[in-house]
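Reading through the structure tokens given below for one structure.
The values are calculated or read from the model by the stated rules, or taken from the named source; none is laboratory data. Since we're looking at a predicted model, the values are computed, not measured. Counting neighbours? That spans all protein chains shown, and the Cβs are built from the backbone with ideal geometry, glycine included. Accessible surface is based on the protein model in full, side chains and every heavy atom, while ligands, DNA and RNA are left aside. Shrake-Rupley method; radii C 1.70, N 1.55, O 1.52, S 1.80 Å.
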Amino acid sequence: MFEFSALPSLLGWFYVSIFVVAAGCAVVRRLPVRRFLFLPFVVLTLYGIVSIHTQEWFAVSNTWKEWNQSSRSKMDNYSGTYRAQYLETFYPVLEKQGVEFVSVADVDPREFLYVRMYLYPILVRSVDTKEKDQPIDRFVIVSKKSMDVLPRGEVLAESEGKVLLQLIGGE
Amino acid sequence: MTAVFELMYSVLLAAIVYWVVGFVFVSRLTRQRPLSKLEFGLQSIFLGAFGTSLVQFFGSLMGIGLLETFFATGVGFLVLLLRSRPAKAFPRRSSLFERFSWILLGVSLGFLGMRATAAPMYTWDAVAFWTPKMVALWRDNAVNIDGLKYFNHPEYPLFVPLTGATQFFLQGWPNHIAAKASLFFVAAAGLLTFFAWCWRTFPPLKAFFWSVLLLSLFVLRDHVGGEYAGTADLFVGLVALLGTLRILEGNWRLGLVQLAFLPWVKSEGLVFAGSFLAAAFLFQPLLRRFIIILSSVIILPWQAFIRAQPIDTSQYFKFDEIYARSWLEYAAYSVHAFREEFRQLTKWNMTFWWGAVAVLTHLREVVQHTGMRVIVLALLAQLVVYLFVFTVTPEEQASFIAAAVSRLSLHLAPSVLALAAWLFSTTKRERTDEISNQKS
């Protein structure tokens, strides 16, 4: 059996006050008196407005430091070396070679999003160098440390600890 | 300051093209109900951004490059602008208080702009598909379905990706900051249009109150200049907001044109636009032909294009495991989710409170006023659809709701606030005057 007495605590002051104020307005016709009904909620709204803008104000000095940089620096603040590696180093080489597919080894999910974006329209496959017998494309981007686990290849480009390899005898 | 200048030329060039495109439409659609000069210019930029991206899509379908279409659109609409009759402006003078308020609003918006352009897009959705689609459109110089499929959600419409890709074209490289700056510029035009409307429509103190309340919503600020900048949910809310304003004041044609762009912003906008247009179709017989033409030109092309493609959407309809679900329980959880969301004062301030009280205290008027009836019906329909989606989603319900409820509420909040502002800040006579002029 539903207990109506539980309704106020379920709805909370927010929803209960909606009905109380609406009912009050239905009963009270005089405008100055009606304004008293709304006054606490106007004050609460203004408090929220001032509060959010105060937070914004205190964050300005940090924002200013970041804002006053070049676009490339701003992008690198959030995605590290991905732009320099994939967009500016590896993509031009792959494009010149007419490559359609490239494997990328040992990247975390977030890095993979950037790789996929910056190398488009070259299609990217993520591979795990620890797994044996998995297909790897003829062109592969891998960290210098993991190069040795791959078949022999020619280094076409290098950037920030990663190399673009053209495997000899790869797929 | 060189960081600013490297962006300005491309953002301003795009803004000029958007203004020219929007001007042609806004001037034709507001002949009987003029806007103030400032509102006219801002509304033109906002509407023009959507119009330009849609024309770029049409151009791509005809085999014309996106960049070429962008410039051709600018030149073509400039010719139309120069040949059109000068638009009337609503004459008004601003008081000292109004000018001071604009400075404060401008400073608040400026802080947001600084935040927006201090960082690239970094939220998961922006990095997973919104920004990559910008790169795909830029590299292909065309709308290529294979590129869109490669980056998830190929059915998502292209306003945000095309706006960003245009910046990549003008910058010559995928400059994420320029894309974000352009999106901020368009969003700012929408917000400033709302401020200008408030100042034209309400007494000064109330105009300032509602303007600064909208600008103070945490979720809105987060989508304009924070973590979620670069995604499309903000624009669903702003398009619905500006459409709501025009319907409230009786500028039906401009309002409906604005609302027709909802499905061009995000897939959720399809039901939203459908609700607005269907309700308008029902209650405004003189606008029925206009609504049909509008839907055919703005809504239908992308929907037809997507449905003609071999896209696998089965992931959204995996209902097999869920028929054993207790529907009532899931529906109740969905209702509780929105109940909790709407009373989050840190996210929404008192927006939904003001909206609910406004409607309840003016219920008879809302039912009798055609515009308000359409708006309330559309908002309720959209909310019901979200509740339905939360109930039947194949994904784990709690996680899905946690990830989605704030941004879906952002679709509704600005229009709810505008409706509350209208009901509390105009006199019954002013609203009654609009009722008698509903034929435009």
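Annotations for the structure displayed:
- Computed over chain B with a Gaussian network model linking Cα atoms closer than 10 Å, the most mobile of B:Met134, B:Met62, B:Met350 is B:Met62.
- Using every pair of separate Cα atoms, the Kirkwood estimate puts the hydrodynamic radius of the stretch A:72-171 at 13.5 angstrom.
- Loop trypsin sites (Lys or Arg not before Pro), the stretch A:20-82 (other Cβ atoms within 10 Å of the site Cβ: 10 or fewer; DSSP): A:Arg29, A:Arg30
- Among B:Thr370, B:Thr426, B:Thr69: highest mean-square fluctuation, GNM of chain B, C-alpha pairs under 10 Å: B:Thr426
- Karplus (6.51, -1.76, 1.60) ³J(HN,Hα), θ = phi - 60°, over the stretch A:39-55, in Hz, Gly and Pro reported as x: 3, x, 7, 5, 4, 5, 5, 5, 4, x, 5, 5, 4, 5, 6, 5, 4
- Separation of alpha-carbon centers, the stretch B:325-396 and the stretch A:91-154, rounded to whole Å: 47
- Extension gain for B:Ile292-B:Ser399 works out to 34.6 nm (0.36 nm per residue, less the C-alpha to C-alpha distance).
- Among B:Phe352, B:Phe342, B:Phe100, the residue with the largest mean-square fluctuation in a Gaussian network model of chain B, with springs joining Cα atoms closer than 10 Å, is B:Phe100.
- All Cα-Cα separations within the protein assembly as shown were binned at 20 Å from zero, giving a P(r) of 18, 51, 26, 5, 0, each value a whole percent of the pairs.
- P(r) tail fraction, the stretch A:11-146 - alpha-carbon pairs more than 17 Å apart, %: 74
- Cβ-placed point charges (K, R +1; D, E -1), dipole of chain B about Cα centre in debye, nearest 20: 1900
- For the stretch B:370-425, the convex hull drawn through the C-alpha positions has a volume of 69 cubic angstrom per residue.
- With respect to chain A, whose longest principal axis is taken over its alpha-carbon atoms, helix A:109-119 is tilted by about 60°.
- Nitroxide proxy distance, nm - points 7 Å out along Cα→Cβ at A:Lys132 and B:Phe5: 6.1
- Dipole of the protein assembly as shown, positive end: most advanced residue of A:Val21, B:Tyr122, A:Val163 [Cβ charges, Cα centre]: A:Val21
- Only the Cβ atoms of Lys and Arg (+1) and of Asp and Glu (-1) were treated as charged; on that basis the dipole of the stretch B:349-440 about its Cα centre amounts to roughly 320 debye.
- Listed residues A:Pro135, A:Val60, A:Gly98: farthest to the positive end of the dipole of the stretch A:4-148 (Cβ charges): A:Val60
- The stretch B:327-440 - Kirkwood radius from inverse mean 1/r over Cα pairs (Å): 15.4
- Since only B:Met134, B:Tyr18, B:Asn251 are under comparison, the one whose Cα sits farthest along the positive direction of the charge dipole of the protein assembly as shown, derived from C-beta charges on Lys, Arg, Asp and Glu, is B:Asn251.
- Spatial offset of the stretch B:230-281 relative to the stretch B:18-51 amounts to 16 Å, using the alpha carbon center of each.
- Per-residue ³J(HN,Hα) for the stretch A:87-96, Karplus 6.51 cos²θ - 1.76 cosθ + 1.60, θ = phi - 60°, Hz, x for Gly and Pro: 6, 9, 9, 7, 4, x, 5, 5, 5, 5
- The A:Trp57 and B:Leu300 beta-carbon pair, evaluated with R₀ = 30 Å, returns a calculated FRET efficiency of approximately 0.05.
- The helix-only estimate of mean residue ellipticity at 222 nm for the protein assembly as shown, built from DSSP H runs of length n ≥ 4 each weighted as -39500 (n - 2.57), is -22000 deg cm²/dmol after division by the residue total.
- Sequence-separation-based contact order of chain A, relative, with Cα cut under 8 Å and 6+ spacing, percent: 16
- Axis angle, to the nearest 10 degrees, between helix A:7-27 and the longest C-alpha principal axis of chain A: 50 degrees.
- Relative contact order of chain B, pairs being alpha-carbon contacts under 8 Å that are 6 or more residues apart, as %: 17
- Convex hull projection area averaged over all views, the stretch B:27-137, Cα basis, nm²: 10.1
- Taking 28 Å as the straight-line reach from the Cα of B:Lys428, the lysines in range (excluding those fewer than 8 positions away in the same chain) are B:Lys37, B:Lys88, B:Lys206, B:Lys439.
- Largest first, the extents of the alpha carbon coordinates of the stretch B:222-315 on the three principal axes equal 40, 36, 19 Å.
- The stretch B:337-400: radius of gyration and largest Cα-Cα distance (Dmax), Å: 14.4, 42
- Distance in nm between pseudo-label sites at B:Leu205 and B:Thr346 (7 Å out along the Cβ direction from Cα): 3.2
- Candidate lysines - alpha carbon under 29 Å from B:Lys133, same-chain residues fewer than 8 apart omitted: A:Lys74, A:Lys96, A:Lys162, B:Lys149, B:Lys180, B:Lys266, B:Lys318
- Spatial separation of Cα centroids for the stretch A:2-41 and the stretch B:166-201, in angstrom: 40
- Taking the empirical scaling 2.2 N^0.38 Å for compact globular proteins as reference, chain B has a Cα radius of gyration ratio of 0.94.
- When only the Cβ of Lys, Arg, Asp and Glu is charged (+1, +1, -1, -1), the dipole of the protein assembly as shown relative to its Cα centre reaches about 3140 debye.
- For the peptide B:124-135, the mean number of other protein chain Cβ atoms found within 10 angstrom of a residue's Cβ is 3.
- Per-residue SASA remark: B:Glu68, around 100 Å² accessible (1.4 Å probe; ligands, DNA and RNA not included).
- Helical segments meeting 27 Å axial Cα length and Kyte-Doolittle 0.5 threshold in chain B (DSSP H): B:2-29, B:37-61, B:96-118, B:176-201, B:370-392, B:397-425
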